[in-house]
1. Give me the number: length gained by fully extending residue 113 to residue 14, i.e. 0.36 nm times residue separation minus the C-alpha to C-alpha distance, one decimal in nm.
2. Quick one: order 120, 22 by neighbouring beta-carbon count within 10 Å, fewest to most.
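Just so it is clear, none of the values below were taken in a lab; they were calculated from the coordinates. Note that the structure is a prediction, hence the values are computed from the model and not measured. As a convention, Cβ positions derive from the backbone with ideal geometry for all residues, glycine included, and neighbour counts pool all protein chains shown.
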């Protein structure tokens, strides 16, 4: 069984993926990065709203006296306007951004090695 000679396949492939597959992979990688950045922005905005109501932020992780606290740590103490949950959320979002940036960089490297044209990366 054979296909007729008149049948042609015009799917261009690079690195074992078609143009549409490369475009999809880049779109998803950029979307992941945008979503991670938006989540961090939302958490930072919440931090500003909560922290803006007091003249001086009281920040410390649970169990550490206020004088020893670093400015980026947040207490779970009910007397503190900021809470530990928010600082953990911000830290997680920053890690997600780093992961998404690395994934996009890795995809760029993979595309470079496969000889993927620039117009397939949009």
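1. Details: separation 99, 0.36 × 99 = 35.64 nm, distance 0.95 nm.
Taking 0.36 nm per residue and subtracting the Cα distance, the gain is 34.7 nm.
2. Working: 120 19, 22 23.
Taking fewest neighbouring Cβ atoms as first place, the list is 120, 22.
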